[in-house]
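Supplied in structure tokens, the structure appears directly below.
The values are calculated or read from the model by the stated rules, or taken from the named source; none is laboratory data. Predicted model, so just to flag it, every value in this text is computed and none were measured. Don't worry about glycine lacking a Cβ; one is built from the backbone with ideal geometry, like all the others, and counts go over all protein chains shown. Heavy atoms of the whole protein, side chains included, go into the accessibility calculation; ligands, DNA and RNA do not. Shrake-Rupley method; radii C 1.70, N 1.55, O 1.52, S 1.80 Å.
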Amino acid sequence: MSPLVLIVDDVKPLARQYAYDLQRLGDFRTRVAAGGSEGLDILTREAVDCVILDLEMPGLDGFDVLRSMEHRGIDVPVIVYTGTGSFDRCVEAVRLGAFSFVDKAEPMERVVHEVRLALRQTDLRERLEDLEGEGRRPMLIGESGPMADLRSAIGKLADIPSPVLILGESGTGKELVARELHRQSRRSAEAFVAVNCGGMAEGLVDSDLFGHDRGAFTGAVKARRGAFERASAGTLFLDEIGELPGALQARLLRVLEGGEITRLGGEDPITVGTRVVAATHRDLEAEVEAGTFRRDLFYRLNVHVVQVPPLRERGGDIGLLADHFAAALAPRLGRSARPVSDAARDALQARDWRRNNVRELRNTIERMIIASDGPLLDVDHLPPDLGRHGAPGGDAAPVTSDGAIGAQGTFREQKRTAEQVIVRRALEAHNWRIGRTAAALGLADHSSLLKIMNRLGVRRPGRPGT
């Protein structure tokens, strides 16, 4: 979609001429505001990409508009123009945050050039932020056969525009796979937007994905682009797609089939070219049979599938990952980097990491770094609560067929089992919907519940992961 340029000028004929010339010479979309107040109103309602602002206006002049934009946090490049020829006033406007200035008497080609420069600077800044973020993210690490197969699958699917479904247990690195698909694609210079479908407040999921117009709901004081618009030329990663509410599943299917979205509270469809990559640790086929996931959406997503191997199937990769985390995490924790001892490596290799895969290994190395004050990360620094199959504290007390807690075991063991019963009953009551169960239990968010489930070893029967 072409960038939207807002012209704010109380002289309507001049503003309309600017709008016409910008459309003709620059292929921009345009809006016209007859004064500072109207301009600010549009800026709070619509996703404007650039502003051309007259400094000399009755009421709110250009300087007032610049100050109000800064106060309201409206980060849009502004080109000021004036017919007075006052260089000092233009410089003052730049000091207030304007990108540049032009004289109204200058050729329109100069104005178009300045608009393009302003848009280019914004684009470069956003890309730099993305690249800096990418530099802080870990790569796909491993030399095992399953990792070689994974890299091969990514290479084959990177440039396919249709959706990709990533499957894998919790903590295996599904988002890293999605980012690698984006990095190897022709869209790599565009935005990568990640959305956790299980982590969004139910009342705001629609707005988060599709955006909203001003006044669409209480508190919508300005228009907002949703994830699909922000990733229009890039990649949208929908993590935990199985958590998406039914009504939103239908809307997502329409977008995948038609390539158009409509903002919440809006009427006009917006064309998007977003490539969707979805991920889940759930068995979506079972969800379809249970009636909690749309069959037509499943088949639309299930065309290209990438399976991420669990850590316990990756052989010698555990040692490579341990070395990587030991080197990467130490500076962040204010410690010097220390190698993992052979004995500690053997102990790590012996575990099956069923609870949280690579994420659990990372957390284990972090705890070892904190516990160690010697030249090595050794077996003595392994967390003491790592029991069999990654379950803290060893085996829990038994639970009877009616859900009652067995009388055997220590207080700690029986307390753990009681927590398991509470969590499992709540999950079953809400059909294993993580977000809804977390709300029912009074937890802060879905991630709090996931951490508790991981700690207690609570898993849905017949499902991999948690």
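Report the charge-dipole magnitude of the chain in Debye, nearest 20, computed about the Cα centre from +1 at each Lys and Arg Cβ and -1 at each Asp and Glu Cβ.
The calculated dipole for the chain is roughly 1160 debye.
On a full-extension model of 0.36 nm per residue, what is the gain between Ala247 and Gln121, subtracting their alpha-carbon distance, rounded to one decimal in nm?
This chain segment gains 41.5 nm when fully extended.
Go through Met69, Ser100, Ala47 and say which Cα lies farthest out towards the positive end of the charge dipole of region 8-109; charges sit on Cβ, +1 for Lys and Arg, -1 for Asp and Glu.
Ala47
Which one, (i) 27.2, 89; (ii) 33.9, 130; (iii) 27.4, 84, gives Rg and Dmax of the Cα atoms in Å as derived from the coordinates shown?
Recomputing Rg and Dmax of the Cα atoms in Å here gives the entry labelled (i).
Right, next: Taking the Cα atoms only, what angle lies between the long axis of helix 145-157 and the longest principal axis of the chain, rounded to 10 degrees?
Once rounded, the angle reads 20 degrees.
Please tell me which of these pairs span more than 25 angstrom C-alpha to C-alpha: Lys12/Lys104; Lys156/Lys451; Lys222/Lys451?
Lys156/Lys451; Lys222/Lys451
While we're on this one: Could I have the simple spin-label model distance between Glu56 and Asp159, label points 7 Å from Cα toward Cβ, reported in nm to one decimal?
5.6 nm
Now, a different point. Counting Lys and Arg as +1 and Asp and Glu as -1, each charge on the Cβ, what is the dipole of region 141-186 about the Cα centre in debye, to the nearest 20?
It works out to roughly 200 debye.
With unit charges on the beta carbon (Lys/Arg positive, Asp/Glu negative), name the residue among Leu256, Val277, Leu321 whose Cα is farthest towards the positive pole of the charge dipole of the chain.
It is Leu321.
With label points built 7 Å along Cα→Cβ from the Cα atoms of Asp352 and Arg425, find their separation and express it in nm.
Spacing of the two 7 Å Cα→Cβ label points: 3.0 nm.
Run the reach check for Lys174 against aspartates and glutamates, Cα to Cα strictly under 17 Å, same-chain hits fewer than 8 apart removed. What comes back?
Glu134, Asp149, Asp239, Glu240, Glu243, Asp283, Glu313, Asp317, Glu360
Given 4 °C and 1.567 mPa s, how large is the Stokes-Einstein diffusion coefficient of region 47-91 in µm²/s, with Rh as the Kirkwood radius over Cα pairs?
Answer, rounded: 116 µm²/s.
When DSSP assigns beta bridges and you keep just the ones with both residues in the chain, what percent turn out antiparallel, to the nearest 5?
So the antiparallel bridges amount to about 10 percent of the total.
On the protein heavy atoms, probe 1.4 angstrom, tell me the percent of accessible surface of the chain carried by carbon and sulfur.
After summing per-atom areas, the C and S share lands at 51 percent.
So, one more: For the Cα atoms of the chain, what angle does the longest principal axis make with the long axis of helix 62-72, in degrees from 0 to 90, nearest 10?
Helix 62-72 and the main axis of the chain meet at about 10 degrees.
Can you tell me the orientation of helix 36-45 relative to the chain, as the angle in degrees between its alpha-carbon axis and the longest Cα principal axis, to the nearest 10?
30 degrees
Throw me the Rg/Rh for region 191-292, computed over C-alpha atoms with Kirkwood Rh, two decimals.
We get a ratio of 0.97 for region 191-292.
Tell me, what is the percent relative contact order of the chain, built from C-alpha pairs under 8 Å that lie six or more residues apart?
12 percent
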